[in-house]
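First comes the structure, then the notes that go with it.
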Amino acid sequence: MSQHAEEAAFLWLLRNAAVAAPHYSLSHLAQLDNRVEAHIDGLRIAGSAGWAICADALLAHEETGEVFCAAVLALESGEADRIRRVYDVVGSVPETRDGLVSAFGWVDRAWWRGEVRDLLHSDAAYWRRIAMAAAATQRVDPGRVLAESLQAQAPELRATALRVAGLLGREDLLPAVLAQLQSHDATVRFAAAWSATVLGDRGAAPGAALAFVGAEQPQRAERALSVALRALPLNDSLPWVNRLASGSAMRRQAVVACGIIGDPASIPWLLEQMCTPEFARVAGESFTMITGVDLAYEDLEGEWPEGFEAGPTESPEDEDVAMDADEDLPWPDPRLIADWWSHHHGRFPPGQRYLLGKPVTPEHLQWVLRYGMQRQRQAAALELKLSHPGEPLFETRAPGFVQQPILGL
């Protein structure tokens, strides 16, 4: 029985990375999620003994995967004592809260309506943040508390409320979201810029998001580029690529931006970046985002360059422990890809936006949601959201067995 708990926690960690991985499709994610669910089901069948094992693991490790497992069983049991034990760990070890939020997204919402309602009215901003994030995993509107939280004193709570307003498509809250663009807190400003853009603002919001593009915060920069460059007209977004490409410090962001915009005019420059090991793999990903070509399937992969290192090294003197951001991307062969492009470029007239080889249309975006890889699916979901600001953003991180029926699979 303990093996069920260990495997479920471990597999959840794998799926937590898989939801944003470039090599996972919805089918792959569903297979992984079915494995998680099978182990959870083994714990369910064991009843009190299954819960006891999860509770022991929760207290022994206080890790995110263990929180997820215990929270699923606790929420489905409806027993206040079990739920409180999970909350105690998440309250004392805040970095485990993603496991709790994920559990709210995993179980049927009928199990947790009362719990989320109670947390939304907690005196502590920390628990109200968790409650709003939990409700948003299944695109449930927190109601009045959401609007009130946009004015909260705690900037972390305000930022969460801003993100949730955007995720849910609350266009009625757009004026309140735009007001937060003037916040002194950077996290609040970024959340406001992102949400206002997906809620339909094409004035100040995209520019406010792009103000976060820089070498200092790469993750926030890529999120800003992803939403703002898709929202802006093509002629307004292209100068950003030129600006980023002009300096080596932001060259990677320029490469990513090319894939976001999707204009085939950038492909000759992407081919040049494939010759630089530091940018080669992400340039290959942007090439695929535009053309739809699977580099591995089409035998367009190359070899790892001799002497090039990425990610942490084995040297004890190396203080850089950051993982290789492109670890799961294929290594492109610039010569083979240039040859492919010379034979197929006529299919891709410049001045038009493409995603995976076809113009960005609602029908094609639905196809990408069904059959694309996770990063590509995230792009399609965001494109659909930007064209329908009042609708919720499709949740590509939901359990695969939940997404597939929604998409007719």
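The values are calculated or read from the model by the stated rules, or taken from the named source; none is laboratory data. Everything quoted here is computed from the prediction, not taken from an experiment. Methodologically, a virtual Cβ is constructed for each residue, glycine included, from the backbone with ideal geometry; neighbour enumeration extends over all protein chains shown. Side chains are part of the model used for accessible areas, which takes the heavy atoms of the whole protein and leaves out ligands, DNA and RNA. Shrake-Rupley method; radii C 1.70, N 1.55, O 1.52, S 1.80 Å.
Ser237 meets each of the listed conditions (1) within 26 Å of Ala124 (Cα to Cα); (2) part of a helix (DSSP H, G or I) apart from (1).
Condition (residue is open to solvent by 90 Å² or more (accessible area, probe 1.4 Å), under 24 Å from Arg375 (Cα atoms) and modelled with pLDDT under 95) applied to the stretch 306-320: is it met by at least one residue? No, the stretch 306-320 contains no residue that is open to solvent by 90 Å² or more (accessible area, probe 1.4 Å), under 24 Å from Arg375 (Cα atoms) and modelled with pLDDT under 95.
Has the stretch 160-179 got at least one residue that is more than 29 Å from Ala211 (Cβ to Cβ) and touching a helix residue (DSSP H, G or I) at 6+ places or on another chain (Cβ under 7 Å)?
Checked the stretch 160-179: no residue is more than 29 Å from Ala211 (Cβ to Cβ) and touching a helix residue (DSSP H, G or I) at 6+ places or on another chain (Cβ under 7 Å).
If you take the residues in the stretch 16-30 that are in a helix (DSSP H, G or I) and open to solvent by 10 Å² or more (accessible area, probe 1.4 Å), which one is farthest from Ala325 (Cα to Cα)? Once the filter is applied, the top-ranked residue is Ser27.
This table checks each residue for (1) among the basic types (Lys, Arg); (2) part of a helix (DSSP H, G or I); (3) under 21 Å from Ile261 (Cα atoms).
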| position | (1), (2), (3) |
| --- | --- |
| His344 | no, yes, yes |
| Gln366 | no, yes, yes |
| Glu383 | no, yes, yes |
| Pro389 | no, no, yes |
| Leu393 | no, no, yes |
| Thr396 | no, no, yes |
| Pro405 | no, yes, no |
| Leu409 | no, no, no |
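Of the residues contained in the stretch 385-394, none is found to be touching a helix residue (DSSP H, G or I) at 6+ places or on another chain (Cβ under 9 Å), closer than 25 Å to Ala8 by Cα and either among the basic types (Lys, Arg) or crowded, with 21+ Cβ neighbours inside 10 Å (or both). Evaluate the stretch 241-250: report whether one residue or more is of a type outside the set (Lys, Arg), under 22 Å from the mean Cα position of the chain (by Cα) and assigned to a helix (DSSP H, G or I). Yes, the stretch 241-250 contains a residue that is of a type outside the set (Lys, Arg), under 22 Å from the mean Cα position of the chain (by Cα) and assigned to a helix (DSSP H, G or I).
Within the stretch 185-225, if we keep just the residues that are in contact (Cβ under 8 Å) with a residue 24 or more places away in the chain and acidic (Asp, Glu), the residue that is surrounded by the fewest Cβ atoms within 10 Å (Cβ to Cβ) turns out to be Asp185. Listed by first and then second residue, the pairs linking a residue in the stretch 315-341 that is more than 18 Å from Trp304 (Cβ to Cβ) to a residue that is open to solvent by 40 Å² or more (accessible area, probe 1.4 Å) and at pLDDT below 95, with Cβ atoms under 6 Å apart and 6 or more places separating them unless they lie on different chains, are Val321/Pro312. For the stretch 169-186, the set of residues classified as in a helix (DSSP H, G or I) and of a type outside the set (A, V, I, L, M, F, W, C) consists of Glu171, Asp172, Pro175, Gln180, Gln182, listed by residue number. Quick test for you: out of Arg370, Arg377, pick the one residue that is surrounded by 19 or more Cβ atoms within 10 Å (Cβ to Cβ), basic (Lys, Arg) and within 22 Å of Trp106 (Cα to Cα). Within the list Arg370, Arg377, the selection yields Arg377.
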